Amino acid sequence: MSAIYKSKKAEFDDKVYAYIMKRLRCPIDKSDSFMTGVVDDMGNAKGEPVGDSYWACTKLDRFLIQVRNLLGPRGVEQLTNEYDDYDPMYLMQGGSTENYWERFTPVISLVEETAYLPPEQRGKGDYIDDNTDDGLTKEQRLGRALTIANFIIAAIKCNNELVSDYTFNNFVLPSVEATFNVRSVGSRNQIIDFLKKGGLADYRQLSPEGVLLGVRLAKRIVENKLCSDSKDENNYAKEWRQLATYGG
């Protein structure tokens, strides 16, 4: 038997295992199938998924629901929780789980510290407050932080002007997933509201503090090698590397 097969099997199995554990332990009422209305809170199909809804309830989704039902709540609870906070898209793409949170936490910290630290105390990115009252999981907070990050770099590309709904939906959101293999979180209005509250933007454009946050994020993103190798045109890796060369 070839060493190629052995290597590929081990790599693929580990990737599939991580993804399956993440998906199995995800509660039905937080699953894509439920959130899109394809199944009820017990996992029962409301109808045959067709067209745009198929992605949310594939054959694998239905199989995992069957497995969850067979295992029961206690059985699911006994499965490893190692991957609970990982983004499923990141696992699906086979991203390295080594030091995952050590590498991504500074991004969350740099973004979220703008909500409670004055400008002169920002920029360390070495602390994350887990006692937030925004109702988001750590996984969702990462998605929001990266969405804010790519919103900022998109604005910088537009002479610091806050991007339109069209640009946000068609370029910013896809860029988050193409650049980091992490799902985007937040609407344009939610992102702008967050930026305004932190003094990072006004109603029309980024403030100097907003641009500075972009530079700080760029340095951490490049330093921790967070960008994917995707050749997708929406991958902002090149822009992040360029921004990281500026002072700040």
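Test D126 against the stated conditions and say whether it is surrounded by fewer than 20 Cβ atoms within 10 Å (Cβ to Cβ) and more than 23 Å from C227 (Cα to Cα).
Details: surrounded by fewer than 20 Cβ atoms within 10 Å (Cβ to Cβ): yes; more than 23 Å from C227 (Cα to Cα): no.
The answer is no for D126.
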Open item on the list: Condition first: part of a helix (DSSP H, G or I) and modelled with pLDDT under 90. Can you find one or more residues in the stretch 62-73 that meet it?
Closed with: no
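Mind telling me which of the residues I152, I108 ends up being in contact with a Lys or Arg (Cβ under 6 Å, 6 or more places away or on another chain), among the hydrophobic types (A, V, I, L, M, F, W, C) and part of a helix (DSSP H, G or I)?
Numbers: I152 fails: in contact with a Lys or Arg (Cβ under 6 Å, 6 or more places away or on another chain).
Checking each option against the conditions leaves just I108.
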Contact list, first residue from the stretch 169-185 and among the aromatic types (F, W, Y), second anywhere and part of a loop (DSSP other than H, G, I, E, B), beta-carbon distance below 7 Å, six or more apart or interchain, is F171/N234; F180/L226; F180/C227; F180/S228
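Listed here are the residues, each with its yes/no results for (1) of a type in the set (S, T, N, Q); (2) touching a helix residue (DSSP H, G or I) at 6+ places or on another chain (Cβ under 6 Å); (3) assigned by TED's automatic domain parsing to the domain that holds R141; (4) more than 25 Å from Q140 (Cβ to Cβ).
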| residue | (1), (2), (3), (4) |
| --- | --- |
| S7 | yes, no, no, yes |
| I28 | no, yes, no, no |
| A45 | no, no, no, yes |
| I65 | no, no, no, no |
| G72 | no, no, no, yes |
| T80 | yes, yes, no, no |
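It is to be established whether one or more residues within the stretch 80-96 are free of Cβ contacts under 8 Å to residues at least 40 places away in the same chain and not basic (K, R). Show your work before the answer.
In the first step, residues of the stretch 80-96 are kept if they are free of Cβ contacts under 8 Å to residues at least 40 places away in the same chain; the result is 96.
Imposing the further condition that a residue be not basic (K, R) reduces the set to 96.
Yes, the stretch 80-96 contains a residue that is free of Cβ contacts under 8 Å to residues at least 40 places away in the same chain and not basic (K, R).
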By residue number, the members of the stretch 76-87 that are under 27 Å from L146 (Cβ atoms) and either hydrophobic (A, V, I, L, M, F, W, C) or surrounded by 12 or more Cβ atoms within 10 Å (Cβ to Cβ) (or both) are T80, E82, Y83, D84, D85, Y86, D87
So, first residue outside the structural domain of G199 (by TED's automatic domain parsing) and modelled with pLDDT of 95 or more in the stretch 210-228, second residue buried (at least 24 other Cβ atoms within 10 Å of the Cβ) and part of a helix (DSSP H, G or I), Cβ within less than 6 Å, six or more apart or across chains; the pairs are none
- request: Looking only at the stretch 35-55, decide whether some residue is of a type in the set (S, T, N, Q), modelled with pLDDT under 90, within 23 Å of the chain's Cα centre (by Cα) and on the phi < 0 side of the Ramachandran plot.
  value: yes
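Which residues, taken from the stretch 173-182, are part of a loop (DSSP other than H, G, I, E, B) and surrounded by fewer than 24 Cβ atoms within 10 Å (Cβ to Cβ)?
From the stretch 173-182, those part of a loop (DSSP other than H, G, I, E, B) are 181-182; that's our starting set.
Matches in the stretch 173-182: N181 only.
Somewhere in the stretch 143-150, is a residue surrounded by fewer than 17 Cβ atoms within 10 Å (Cβ to Cβ) and hydrophobic (A, V, I, L, M, F, W, C)?
To start, the set of residues in the stretch 143-150 that are surrounded by fewer than 17 Cβ atoms within 10 Å (Cβ to Cβ) comprises none.
Within the stretch 143-150, not a single residue is surrounded by fewer than 17 Cβ atoms within 10 Å (Cβ to Cβ) and hydrophobic (A, V, I, L, M, F, W, C).
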Within the stretch 29-75, residues crowded, with 16+ Cβ neighbours inside 10 Å and among the hydrophobic types (A, V, I, L, M, F, W, C) come out as F34, V38, V39, A56, C57, L64, I65
Of those in the stretch 88-114 that are surrounded by 17 or more Cβ atoms within 10 Å (Cβ to Cβ) and touching a helix residue (DSSP H, G or I) at 6+ places or on another chain (Cβ under 6 Å), the residue farthest from A145 (Cα to Cα) is L91
(1) closer than 23 Å to A178 by Cα; (2) exposed (fewer than 13 other Cβ atoms within 10 Å of the Cβ) all hold for S7 apart from (1)
Picking from N159, N170, the residue that is surrounded by fewer than 17 Cβ atoms within 10 Å (Cβ to Cβ), modelled with pLDDT of 95 or more and assigned to a helix (DSSP H, G or I) would be N170
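For residues in the stretch 1-27 being over 15 Å from T80 (Cα atoms) and among the hydroxyl-bearing types (S, T, Y), which is nearest to the chain's Cα centre (by Cα)?
Kept after step one, since they are over 15 Å from T80 (Cα atoms), are these residues of the stretch 1-27: 1-13.
Right, trim to among the hydroxyl-bearing types (S, T, Y) and you get 2, 5, 7.
Working: S2: 37, Y5: 32, S7: 29 Å.
Result: S7.
The values are calculated or read from the model by the stated rules, or taken from the named source; none is laboratory data. Here the structure is a predicted model, which means the values were calculated and not measured. Note: ideal-geometry Cβ built from the backbone for every residue, glycine included; neighbour counts use all protein chains shown.
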